Amino acid sequence: MTRYRITRAGRGSTEQLVEAGGYGYAHSCVTSENFPSRGAAPGPAEIVLLEFDHAVTASDALAEAARRGLSRPTYEDALHFGAEHPEAQRAHPIIFLHEPWVGYFGRRDVLSLWSNAGRRELGLEGFDDRFAPDCRFAFVAPVSRTTSVHEGAR
């Protein structure tokens, strides 16, 4: 498991958090209308990236996270993570299995971060889709003072 600390600093709008991420592309549905910024949870958090050696569903990833005592992220966690750890998504797509947003045509979507031809992107993935083995799944762990956590581009 790879861990990253996020500060959850600032209580900006969704648009401000997307802008802070500095993406080469951001899905046009990632707006305050669809993902209203509810303000960050107080204090820092540790984002844990789970990986699997086979394709999985959201249910598979959520069950593994629960087994490990991890919590679901919020979409705000995804926006803060993208802004605070911009290089993390270059190695693997990162899926945030927050409560899904019901998008167009009834599809349940969650935020995802990935890289395409060197360009960082913020998009939506179908919560009910099957995810490829190269995806990483972001969950929240209690902040630990003794855990080594990536901070920045370390």
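Do we have Leu122 as farther than 24 Å from Ala63 by Cβ, part of a helix (DSSP H, G or I) and in contact (Cβ under 8 Å) with a residue 40 or more places away in the chain here?
Considered against the rule, which asks whether it is farther than 24 Å from Ala63 by Cβ, part of a helix (DSSP H, G or I) and in contact (Cβ under 8 Å) with a residue 40 or more places away in the chain, Leu122 comes out as no.
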Criterion: in contact (Cβ under 8 Å) with a residue 12 or more places away in the chain, over 21 Å from Gly126 (Cβ atoms) and within 14 Å of the chain's Cα centre (by Cα) - qualifying residue of Arg68, Arg3: Arg3
Residue under evaluation Asp53, criteria (1) touching a strand residue (DSSP E or B) at 6+ places or on another chain (Cβ under 9 Å); (2) in contact (Cβ under 8 Å) with a residue 12 or more places away in the chain; (3) of a type outside the set (Ser, Thr, Tyr), criterion not met: (1)
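Checking the conditions here, which among Gly69, Gly118, Gly82 is over 22 Å from Arg5 (Cα atoms) and among the small types (Gly, Ala, Ser)? Talk me through it step by step, then tell me what you get.
Numbers: Gly69 fails: over 22 Å from Arg5 (Cα atoms); Gly82 fails: over 22 Å from Arg5 (Cα atoms).
Every option except Gly118 fails the conditions.
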Any hit, the stretch 53-74, residues being part of a strand (DSSP E or B), within 12 Å of Phe139 (Cβ to Cβ) and out of contact with any helix residue (DSSP H, G or I) (no Cβ under 6 Å at 6 or more places or on another chain): yes
Members of the stretch 48-99 that are acidic (Asp, Glu) and more than 25 Å from Asn34 (Cβ to Cβ): Glu51, Asp53, Asp60, Glu64, Glu87
Filter pass, Thr74 being closer than 16 Å to Phe127 by Cβ and open to solvent by 30 Å² or more (accessible area, probe 1.4 Å): yes
Residue count, the stretch 1-31 (criterion: open to solvent by 40 Å² or more (accessible area, probe 1.4 Å), at pLDDT 95 or above and among the hydroxyl-bearing types (Ser, Thr, Tyr)): 2
Residue match in the stretch 13-30 (condition: over 26 Å from Ala117 (Cβ atoms), in contact (Cβ under 8 Å) with a residue 24 or more places away in the chain and not in a loop (DSSP other than H, G, I, E, B)): no
For Ser112: the one exception among (1) of a type in the set (Gly, Ala, Ser); (2) at pLDDT below 95; (3) open to solvent by less than 40 Å² (accessible area, probe 1.4 Å): (2)
Filter result (modelled with pLDDT of 95 or more and of a type in the set (D, E, K, R)) within the stretch 115-154: Arg119, Arg120, Glu121, Glu125, Asp128, Asp129, Arg130, Asp134, Arg136
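The values are calculated or read from the model by the stated rules, or taken from the named source; none is laboratory data. On a predicted model such as this, the values are computed, not experimentally measured, just so you know. All Cβ positions, even for glycine, are placed from backbone atoms using ideal geometry, and neighbour counts span all protein chains on display. SASA here: full protein model, heavy atoms, side chains in, ligands and nucleic acids out. Shrake-Rupley method; radii C 1.70, N 1.55, O 1.52, S 1.80 Å.
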